[in-house]
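A.B. asks: Dropping the structure in here first, questions after.
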Amino acid sequence: MKKCKIITIDGPAGSGKSSVAKRVARELGFVYLDSGAIYRAVTLFLLQRSVSPNDVSKIEECLKDLDLEVKDQQIYVNGENVTEAIRSPQVDEMVSLYSALPVIRSSLLALQRELQDCQDLIAEGRDMGTVVFPDADLKIFLKADAKTRAIRRWKELMEREVDISFDDVYYQIIQRDEKDSNRELSPLIPAEDAIILDTSDLTLDEVVERVIKLVKDHIEQVKRCDA
Ligand code: DC
């Protein structure tokens, strides 16, 4: 039986992981898992119900009513397509607070693993290589300096005509780095066996090219070992 491959791409906000993971998955015919979108969807769901990240018992209760579905790169909360809505600055601002909570992380762990469902997968996020898929075939960690990441994120927001200043985006990136890296559970750190790639001075095409080469080299190496 064919063994399905899992490639993880982790890294901070704006490191380019979503764009890279999406392109690599398309070019190699892998399924793409955007775990950040799942944390964002839960955040939006709780914000819409005005549930504070400090109210853990209310969160626990609300999660019972949450039905999350990912289909054709679209994400649905109780049947509503929230793919666009989860990219708002409000969600950006709050997502690190909710995603640090054990009650939320544990409820999403099984869901993320189920999505693998024996298909070749590119899983992208913060803890894909360390916690969700520790036995992944290949682990990549993308990094870039904070200013470069803020510029990328700001351009993306400008293209979507979101009204926000560059300074606010930069501040949010620094805040999110701080919270995502210093939380107790599943902090943003490279897995010990991850390959670290600094994308600060690389174009998207260059990063995609390098990641595809890493994946292909890995597949070749496994084939040689199996022969
Ligand atoms: O990748 P992103 O910027 O869309 O992720 C949004 C937030 O979700 C990020 O700030 C932290 C959280 N997240 C997480 O805690 N674990 C993941 N595997 C992915 C995202």
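A.B. asks: From the list Leu157, Leu188, Leu142, pick out the single residue that is within 17 Å of Ala13 (Cβ to Cβ) and in a strand (DSSP E or B).
C.D. replies: Leu142
A.B. asks: When you scan region 112-121, how many residues do you find that are open to solvent by less than 40 Å² (accessible area, probe 1.4 Å) and within 13 Å of the ligand (Cβ to nearest atom)?
C.D. replies: 1
A.B. asks: From the list Val169, Val208, which residue is in contact (Cβ under 8 Å) with a residue 12 or more places away in the chain, surrounded by 18 or more Cβ atoms within 10 Å (Cβ to Cβ), more than 16 Å from the ligand (Cβ to nearest atom) and not in a strand (DSSP E or B)?
C.D. replies: Result of the check over Val169, Val208: Val208.
A.B. asks: Test of understanding: among Thr130, Thr203, which residue is without any contact (Cβ under 8 Å) to a residue 60 or more places away in the chain and open to solvent by less than 80 Å² (accessible area, probe 1.4 Å)?
C.D. replies: Thr203
The values are calculated or read from the model by the stated rules, or taken from the named source; none is laboratory data. None of these values were measured; they are calculated from a predicted model. Every residue, glycine among them, receives a Cβ derived from its backbone with ideal geometry; neighbour counts consider all protein chains shown. Surface accessibility is based on the protein's heavy atoms, side chains included, excluding ligands, DNA and RNA. Shrake-Rupley method; radii C 1.70, N 1.55, O 1.52, S 1.80 Å.
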